[in-house]
1. Based on what the data block shows, is LEU56 more than 11 Å from the ligand (Cβ to nearest atom), touching a Phe, Trp or Tyr at 6+ places or on another chain (Cβ under 7 Å), aliphatic (A, V, I, L, M) and closer than 17 Å to PRO395 by Cα?
2. Can you pull out every residue in the stretch 315-359 that is within 30 Å of MET69 (Cα to Cα) and surrounded by fewer than 19 Cβ atoms within 10 Å (Cβ to Cβ)?
3. Could you please find all residues in the stretch 199-250 being of a type in the set (Val, Ile, Thr) and under 25 Å from LEU146 (Cβ atoms)?
4. Taking the condition touching a helix residue (DSSP H, G or I) at 6+ places or on another chain (Cβ under 7 Å), at pLDDT 95 or above, more than 11 Å from the ligand (Cβ to nearest atom) and of a type outside the set (A, V, I, L, M), does ARG374 pass?
5. Look at the stretch 113-134 and say how many of its residues are of a type outside the set (A, V, I, L, M, F, W, C), more than 10 Å from the ligand (Cβ to nearest atom) and outside any loop (DSSP other than H, G, I, E, B).
6. Of the conditions (1) surrounded by fewer than 18 Cβ atoms within 10 Å (Cβ to Cβ); (2) more than 22 Å from LEU316 (Cα to Cα), ASP105 fails just one. Which one is it?
7. Going through the stretch 204-219 one residue at a time, which ones are crowded, with 16+ Cβ neighbours inside 10 Å and either without any contact (Cβ under 8 Å) to a residue 40 or more places away in the chain or more than 17 Å from LEU353 (Cβ to Cβ) (or both)?
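The values are calculated or read from the model by the stated rules, or taken from the named source; none is laboratory data. Computed from a prediction, not measured in an experiment: that's the story for all the values here. Using ideal geometry, Cβ is built from the backbone for each residue, glycine included, and neighbour counts are taken over all protein chains shown.
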Amino acid sequence: MTPQHVVLVGGGYVSLFAYRALRPAIRAGTARVTVLSADSHHNFHGFTGEVVAGLLPHPLTRAPLARLMPLAHVVHGTVRRVDRTARTATVAPASGGPDRVVGYDHLVVGAGGREPLDAIPGLAECGFSLRAPGEFERFLGRLDLLVRVGGTDPVLIIGGGLAGVELAAAVADRLRAHGAQMPVVLVHSGDRLLPGSPPRMAAVARRELDRSGVLVRLNARVQQVGESEVRLSDGGAVVAAAVLATHGQRAVIPPGLADLVRDGRGRLVVDPTLRAAHHVWAAGDAARVAHPVTGDPVPANALWAIKAGAHLGRNLRRVVGGRPPGRLRYRGLGQAMAFGTGRSAAELYGVPLSGWAGWLLRLAFFLRFMPMRRQALGVVAALATGPVRGRYPLPRPARNAVTSAHPAGQAPSPPAEFRCPAAPTLSAGTPQPVAGRPVAPSRAVRS
Ligand SMILES: Cc1cc2nc3c(=O)[nH]c(=O)nc-3n(C[C@H](O)[C@H](O)[C@H](O)COP(=O)(O)OP(=O)(O)OC[C@H]3O[C@@H](n4cnc5c(N)ncnc54)[C@H](O)[C@@H]3O)c2cc1C
């Protein structure tokens, strides 16, 4: 029997957990798996805040795909096009050279999402995002520069969702640890933080941000990011030393799948078995997966990407074995965020948790789902020795570590050193804003 060829697009949670569920089929000879990923490594995003704050070293959150998926053929490159009629995916290899055409029997779209940089003029050129390969490293490089150069102009974070709130606190913590003077400003378009979370969790998060000294600016949208200042919809302007975009995301769908049904965020709409079309499957941030009970779209987070990815892999195992796929029945668990060791805002099956209880729960969950045991042990060791060892230094961006994989139509970002050239050398003298209060008019922020 010829094994059916399953091609996994992306090296994130969906692909990893689909691969793991497919391993018995690979060993049985009913499936062979190829992974096409723009990043050579799997990124464990859960500990991003800890890496920014210097509580964990960045390499501990990255794992080589070839080692994680030894039974698969891993191709490091960006999928440029899918031909559904010919059932092929065209890949631009990261190492250069001509495009490769890879045939498939089943295609799994697990390419995740990206911040919609083109929605705000100037953001792609002057701001930083997190999800494109190499982007997080570039942001850390800018933070490193700011810590070394000094100054008092703020780091501005766009978006008051889980990622924005957690990162605002982490950046503030990192800057404070280095004795840097610049404040962190979080700009959010809604009238309360964490719109997708229970109000009590949002209230705890707000208290934690105040405690971290993060200045929260609600009911304001960033309208334009320029080389010298950021313009807000409420008439204010911020002279920012760095701008980080966490204001939602748009699904990354390779060209050639445009005729498939998508929702307002560009996600592929899948049926309860996670199939988007004949021979095409999707999960994670790239898919609109309906909750099995409510029918609402499930949140775009690691838990759902892991569970849906694993279910998708099991379904493909059934299909290549001649059986019908089954419906996703997973109902969810909760959500959690941390603000440094022992501080958290979380909910588990609707029950709110904070402080050490939520922090330990989150840690246990993340350790359970880290792709390598060695990484999980490293996290425990790093957190345990942190009080003695101090902060990990910010990594300097490694050149050519990853390839860029900006979605079609989105301009590739220039390297950090060319962004907002005036920012890192802005002169000191900005009055220190009062933590937790609305930002006062100053050189840094004016209304
Ligand atoms: C900073 C940050 C912090 C987060 N913190 C949390 C948290 O605390 N808890 C939580 O539950 N969730 C968190 N999330 C969300 C969570 O990480 C995502 O929901 C999850 O990663 C989605 O998994 P995925 O497999 O769909 O996509 P991803 O994990 O994003 O993987 C997408 C993969 O596709 C690849 N790719 C993209 N385009 C192409 C292409 N054209 N060709 C080939 N490969 C391509 C990428 O390189 C990547 O390997 C966080 C996300 C970020 C960015």
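1. Working: more than 11 Å from the ligand (Cβ to nearest atom): yes; touching a Phe, Trp or Tyr at 6+ places or on another chain (Cβ under 7 Å): yes; aliphatic (A, V, I, L, M): yes; closer than 17 Å to PRO395 by Cα: yes.
Considered against the rule, which asks whether it is more than 11 Å from the ligand (Cβ to nearest atom), touching a Phe, Trp or Tyr at 6+ places or on another chain (Cβ under 7 Å), aliphatic (A, V, I, L, M) and closer than 17 Å to PRO395 by Cα, LEU56 comes out as yes.
2. Answer for the stretch 315-359, where residues must be within 30 Å of MET69 (Cα to Cα) and surrounded by fewer than 19 Cβ atoms within 10 Å (Cβ to Cβ): ARG318, GLY321, GLY322, ARG323, PRO324, GLY326, ARG327, ARG329, TYR330, ARG331, GLY332, LEU333.
3. Kept after step one, since they are of a type in the set (Val, Ile, Thr), are these residues of the stretch 199-250: 204, 214, 216, 222, 225, 230, 238-239, 243, 246.
Those that are of a type in the set (Val, Ile, Thr) and under 25 Å from LEU146 (Cβ atoms): VAL214, VAL216, VAL222, VAL225, VAL230, VAL238, VAL239, VAL243, THR246.
4. Values: touching a helix residue (DSSP H, G or I) at 6+ places or on another chain (Cβ under 7 Å): no; at pLDDT 95 or above: yes; more than 11 Å from the ligand (Cβ to nearest atom): yes; of a type outside the set (A, V, I, L, M): yes.
It is false that ARG374 is touching a helix residue (DSSP H, G or I) at 6+ places or on another chain (Cβ under 7 Å), at pLDDT 95 or above, more than 11 Å from the ligand (Cβ to nearest atom) and of a type outside the set (A, V, I, L, M).
5. Initial filter on the stretch 113-134 (of a type outside the set (A, V, I, L, M, F, W, C)): 113-116, 118, 121-122, 125, 127, 129, 131, 133-134.
Retained after the next criterion (residues that are more than 10 Å from the ligand (Cβ to nearest atom)): 116, 118, 121-122, 125, 127.
Keeping just the survivors that are outside any loop (DSSP other than H, G, I, E, B) gives 118, 125.
Residues meeting the conditions: 2.
6. (2)
7. Step one: of the stretch 204-219, the residues crowded, with 16+ Cβ neighbours inside 10 Å are 204-206, 208-209, 212-218.
Matches in the stretch 204-219: ARG206, LEU209, SER212, GLY213, VAL214, LEU215, VAL216, ARG217, LEU218.
Condition check ((1) assigned to a strand (DSSP E or B); (2) touching a residue at least 12 places away in the same chain (Cβ under 8 Å)) across all residues:
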position: PRO70; (1), (2): no, no
position: THR78; (1), (2): yes, yes
position: THR85; (1), (2): no, no
position: VAL91; (1), (2): yes, yes
position: VAL102; (1), (2): yes, yes
position: VAL108; (1), (2): yes, yes
position: ALA111; (1), (2): no, yes
